[in-house]
Protein chains: 4
Amino acid sequence: MTRTVAVFGAGRIGRIHAANLAALPGVQVRYVCDPVADSAASLAQSVGAQVASIDDAIGDPAVEVVAITSPTDTHSELINRAAAARKHIFCEKPVDLSVPRAVVCAEAVKAAGVACMIGFQRRFDPTFNEAKQRLAAGEIGEPEMLVITSRDPGAPPVHYLKASGGIFRDMLIHDFDVCRWILGDEVEWVSATGSCLVDPAIEEAGDIDTTAVTLRTKSGKLCQINTSRRAAYGYDQRFEVLGSKGLLACGNHRPSEVVQMDASGVHHDKPEHFFLQRYREAYRLEVAHFFECLQSGEPFRTTIADGVAAQRLADAATESWKSGQAVRL
Amino acid sequence: MTRTVAVFGAGRIGRIHAANLAALPGVQVRYVCDPVADSAASLAQSVGAQVASIDDAIGDPAVEVVAITSPTDTHSELINRAAAARKHIFCEKPVDLSVPRAVVCAEAVKAAGVACMIGFQRRFDPTFNEAKQRLAAGEIGEPEMLVITSRDPGAPPVHYLKASGGIFRDMLIHDFDVCRWILGDEVEWVSATGSCLVDPAIEEAGDIDTTAVTLRTKSGKLCQINTSRRAAYGYDQRFEVLGSKGLLACGNHRPSEVVQMDASGVHHDKPEHFFLQRYREAYRLEVAHFFECLQSGEPFRTTIADGVAAQRLADAATESWKSGQAVRL
Amino acid sequence: MTRTVAVFGAGRIGRIHAANLAALPGVQVRYVCDPVADSAASLAQSVGAQVASIDDAIGDPAVEVVAITSPTDTHSELINRAAAARKHIFCEKPVDLSVPRAVVCAEAVKAAGVACMIGFQRRFDPTFNEAKQRLAAGEIGEPEMLVITSRDPGAPPVHYLKASGGIFRDMLIHDFDVCRWILGDEVEWVSATGSCLVDPAIEEAGDIDTTAVTLRTKSGKLCQINTSRRAAYGYDQRFEVLGSKGLLACGNHRPSEVVQMDASGVHHDKPEHFFLQRYREAYRLEVAHFFECLQSGEPFRTTIADGVAAQRLADAATESWKSGQAVRL
Amino acid sequence: MTRTVAVFGAGRIGRIHAANLAALPGVQVRYVCDPVADSAASLAQSVGAQVASIDDAIGDPAVEVVAITSPTDTHSELINRAAAARKHIFCEKPVDLSVPRAVVCAEAVKAAGVACMIGFQRRFDPTFNEAKQRLAAGEIGEPEMLVITSRDPGAPPVHYLKASGGIFRDMLIHDFDVCRWILGDEVEWVSATGSCLVDPAIEEAGDIDTTAVTLRTKSGKLCQINTSRRAAYGYDQRFEVLGSKGLLACGNHRPSEVVQMDASGVHHDKPEHFFLQRYREAYRLEVAHFFECLQSGEPFRTTIADGVAAQRLADAATESWKSGQAVRL
């Protein structure tokens, strides 16, 4: 049996997902939809699909799955339309920058009885997922504290940031999801602060580029997240979880295992450059997981409810940063 | 020229300082004072000193330096007495659990015109100090964010904790000093939270065992501190400082550089067991620094003002934890 | 333009190469040939090819390339037949266990004017190749000494070993190739010794399982190779090259970057389990290289001459082990 | 009870041993003897000893121990004289560059019934010794193969090399001792080769600067040693021992645990600079061991027989290098 897919969005992330989808046994990418005709055509050709309008793709009863990889501000409408048409949905994070609109999507998905997975690809990173499995196996006892380091190699253009919803909604959304996933508990209390240390233009845009967030869960577990829009040494994505019997530390991945020693010191590779490299395998694994769950009926590792919950934390952190005080959820 | 020293306190930390003092060229430990006669006698013998009362030791004009290594609640009185007698002072941290009393000490020291160094030994740890020097040399640009991990292998007895002033004053006092030292800026805003996850008896004693603190400095630099009274894998003392041009990460020290590989994995040594092992060299270097500064007239790396400032941060963090809200200094 | 390929051999390594070939843009696997009908059929189906006899595959003028992934004792005959039919050849190592027969193959390839690459996949390992590129860029000056550690997780069945030509021809053939590749010089002197320490059945079969080989090149560079048929901790594939200005050390790859710390120590992942995991990316890159060179006319990174040269070293090492004396080439 | 010691030799290594001896409880350095009067006087003062002639020191019945830290070519005569005077002996390696003369020393020591320990300090290195203890505890099963990397940061002056007995007797003597100590078996077969790649003046002096040695023990265990007179990145002293159940790898020590990450990569400290730094703790521990054994009557970890055995291996390796053939012992 072959599952037929329509891909909405032929940009950077759309191309990654489309290629991974096309390589899955039993999956056929039938349509690529994008208002930029050239992008749509080029991607369609490379995965053996046709260019179509969203209306036509959704209207084709053979299409069983839609993969939403279009800009953030289109997600909620496309989820709603896909749910209404009874398509299963794979949607890139976030559900929507507005929690209320995200909640409406979650309700629409539930009402339609379709499957909907949100693309928090870090849950599929081989290193992060190995840590989660060991934690679940009790190898370090009960988790007590999580420390997340999450830094981009450099800041995106200011025009991007202006539409991003701010650093907590744009960048830390992933870290909030990791917090909930690893600690396995809901957050009760959030305190966030931050500064603009990288680029004054970011401050002028009403945003910050360096943040420190603390969360406490209902059962008293603690989480600290430190983020920066700039790490001169590359993409820095690590976390450490302390448990009653030990620690699990997830390090960066490197392009090679060469160590060079010379008169100036001992040198290892920098971390893999950015998310496309670091999470290449995670992106592959998450779409495979989507179809495995469709087949088996098992729940997704990242549901639309997870998407809504992370969004709520992003809102709370934004509020805490602005007020200078902690926020209870 | 020989400097003559009286050591007040022959407990665990007193023995370490006395042995390091006795091994310094140009330094003679003349007196050891401790209400526990056996301890005093045993330590005096091992460093070639005499047992004396504090009165006699302070009364001997040949004594130029007093080293205060007695219990915390005696520090401020002994500083005041030593200052009044015009002795130079080396005092273990903290100055006093009460900021006002610590301020009085600082004023007494200033009025007497004596030198007074507070024993924040982490500033002398070879790894931490190497990071500080590279930071000062500009190797990673301007510091922007500091993440401190500070965990004890296990909790002390509850009777100790009851007299400790609480985890922020007892344990994080070192981390607050590291924050000020590494970021080179004063703190403006503190938010602290915590939980009791290790031992319910600690909660009954009105304290917590797991904390997460965030500090923001006047110039917007950020610091996160995570601490636990328990790390199953040993004494975990690390920090990472992110700068505009890179990162400096300070790792734990290990007893040996043996790596064992077998059917169960690849295994390194645990960190050195506790502070006596990890900071053995730091304790040696800090008393050497004290006498070098006495000789040269250079300022100490850790003044009594640093002691007072760290205490203020401990108070602010305690207040923030109790109120659940951030505190501005 | 599409290149049409016939794959000879549908066993473990044949399946890997066929899948990598089928995923290359511009490459079509048209035939799979294997005397085991089920294997041939199963592999043919998964790559969209047909099952064929070798005669038919070689007889099809549309076939431009043959990939020889059949058992070792069939390589030389298949190379000769493919060359006679003017097909380009990708052949798994070794050319042949007999140097004279391998020389005949090399001559046949040359006479026919076809391209022939031997699958020494380690030259395409991302870590090893990164070291080679840095060496070529002069980052550690002139190479002087190479130390190769090459250990399998466990010994193959004795019946396999009996047909293998002995450990030097079967297992160290890769290491001899790495020696020539990294030092960039021809070997003049070989001394080999070994023992049977893993399994007495290997000794009964006339072979050894643990070896130590030293090679000296014409310009005086040195190489030491240590190998074992058993490493309890997994597949151990590393080398270090010392140059006049530094060292390049190539470490193992790990399945994840999780570090676990607990009461028993600090634990990293074991190396990737065996060659199929460790060299997965290398296998992919080497067939891509084959077609890039076909296209560009650039020489292969591993020619049939390299295959013959490594075989000569294996013979010399075998002779040295048996005689207990060094052998000059 | 105090043990009285005379130190013969006030050069670099003499100063280290004298300071460690003087710091031992129950040990008094009474005499320092050295033909260079200034060196003798300076060292004597720093350890609270007197300058004396060797005759006077040996003639003093209160002297129980002599520590021989003078130039190599004086060792055997001083051992013989000390043994004749019934003094216990601590002697820096080697016993003598001539095996027959070393054998005479060993016989003189035995006949006199005095204790004699040879200073192979690597057996006291915390990392190497930890590996030995784990090996003895069976943590990796039976040892099968040892790979030793032993490189100096730079070559000594040629005039030193001319009197050194050659690289095998001067530098690898330590590695031969490590081989016997770790494998716990006697060597049966040695093959050595080498080149002059660092400095042509070394070749003119009849020596080499880069060597590769293989040894096989009576029970078939294998050892490979690679050495160079130059490592641009510092003093490289490591070994790995493969056993039937795993591997123990001994890494270099570093001055600090700072890791710097910046745009050019991830950088660790270079190894500790040279033997005085790396083996500082080993030198301290070996003289402590000497006196503990004197007290307890336990055998030394490194006897004069070990000194003779290592010398025999150095001779055999030298012969193998010169002849180009393996040597059986």
Near-label residues of the range A:82-121 by backbone N, under 14 Å of a point 7 Å along Cα→Cβ of A:Thr74: A:82, A:91-92
Cα-based shape type of the range B:160-232, given that a ≥ b ≥ c are square roots of the gyration tensor eigenvalues and the cut on a/c is 1.5: prolate
Label geometry 7 Å along the beta-carbon vector: A:Thr74 inter-copy distances in nm: 5.2, 7.6, 8.8
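To the nearest 0.05, what FRET efficiency results for B:Val158 and B:Ala23 with a Förster distance of 56 Å applied to their C-beta separation?
With R0 = 56 Å, the Cβ-Cβ based efficiency is 0.95.
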Cα→Cβ-extended label distance, 7 Å offset, between A:Ala85 and A:Phe274, nm: 3.1 nm
Gyration tensor over alpha-carbon atoms, the protein assembly as shown, equivalent ellipsoid semi-axes in Å: 56, 50, 22
Cα gyration tensor category, rounded, prolate or oblate, for the range D:188-324 with a/c compared to 1.5: oblate
Shortest-first distances to equivalent copies, position C:Arg328, nm, label 7 Å out along Cβ: 2.3, 8.7, 8.9
Spatial separation of Cα centroids for the range A:3-68 and the range D:82-149, in angstrom: 73 Å
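Can you pull out the chymotrypsin sites (Phe, Trp or Tyr not before Pro) in the range D:274-305 whose DSSP state is coil and whose Cβ has at most 15 other Cβ atoms within 10 Å?
Sparse-neighbourhood loop chymotrypsin sites (Phe, Trp or Tyr not before Pro): D:Phe274.
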For B:Pro157, label point 7 Å along C-beta direction: distances to other copies, nm: 6.3, 6.6, 6.7
Relative contact order (%) - chain A, alpha-carbon pairs under 8 angstrom, separation at least six: 19 percent
Most mobile listed residue (B:Val66, B:Val36, B:Val178) in chain B, GNM with C-alpha springs under 10 Å: B:Val36
Nearest-10 value in Å² for the accessible area of C:Asp207, using the 1.4 Å probe: 10 Å²
Contact order normalised by residue count of the range C:135-284, Cα under 8 Å, 6+ apart, percent: 31 percent
Stokes-Einstein translational diffusion, the range B:25-182 - Kirkwood Rh over all Cα pairs, 1.306 mPa s, 10 °C, in µm²/s: 89 µm²/s
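From other protein chains only, count the Cβ atoms within 10 Å of every residue's Cβ in D:212-223, then give the mean.
5
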The range B:225-289-the range D:199-233 distance, computed between alpha-carbon centres (Å): 35 Å
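Give me a single rounded figure for B:137-147: the average over its residues of other chain Cβ atoms within 10 Å of their Cβ.
Details: counts 0, 0, 3, 5, 2, 1, 1, 7, 10, 2, 5.
That average works out to 3.
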Exceeding the 23 Å Cα-Cα cut-off - candidates B:Lys93/B:Lys162; A:Lys93/A:Lys132; B:Lys270/D:Lys132; C:Lys245/D:Lys162; C:Lys245/C:Lys270: C:Lys245/D:Lys162; C:Lys245/C:Lys270
Chain D Cβ-axis minimum, rotational copy A, residue and distance in Å: D:His267, 3
Rounded accessible area per residue of the protein assembly as shown, 1.4 Å, Å²: 36 Å²
Calculated [θ] (222 nm, deg cm²/dmol) that DSSP helices of n ≥ 4 give over chain C, each run adding -39,500 (n - 2.57): -11500 deg cm²/dmol
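Loop-only trypsin sites (Lys or Arg not before Pro) in the range C:33-110, please: DSSP not H, G, I, E or B, and at most 12 other Cβ atoms within 10 Å.
Hits after loop and neighbour filter: C:Arg86.
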Rotationally averaged projected area of the range A:103-146 (alpha carbon convex hull; nm²): 4.8 nm²
Considering only chain A, percent of DSSP beta bridges that pair antiparallel, nearest 5: 55 percent
If the convex hull is drawn through the Cα atoms of the range A:84-126, its volume per residue in Å³: 73 Å³
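Given 25 °C and 0.890 mPa s, compute D for chain C with the Stokes-Einstein relation, Rh being the Kirkwood radius over Cα pairs; round to the nearest whole µm²/s.
Estimated via Stokes-Einstein, D reaches 118 µm²/s.
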Descending semi-axes in whole angstrom, ellipsoid equivalent of the range A:41-109, from the Cα gyration tensor: 23, 14, 9
Charge dipole (debye, nearest 20) of the range C:148-268; +1 at Cβ of Lys and Arg, -1 at Cβ of Asp and Glu: 360 debye
Ratio of the Cα radius of gyration of the range C:1-97 to 2.2 N^0.38 Å, where N counts its residues: 0.95
Average other protein chain Cβ within 10 Å of Cβ, residues B:189-198: 5
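The values are calculated or read from the model by the stated rules, or taken from the named source; none is laboratory data. Since the structure is predicted, the reported quantities are computational estimates derived from the model, not experimental observations. Positions of Cβ are generated from backbone atoms using ideal geometry, with glycine treated the same way; all protein chains shown enter the neighbour counts. In case anyone asks, the SASA skips ligands and DNA or RNA and just uses the protein heavy atoms, side chains included. Shrake-Rupley method; radii C 1.70, N 1.55, O 1.52, S 1.80 Å.
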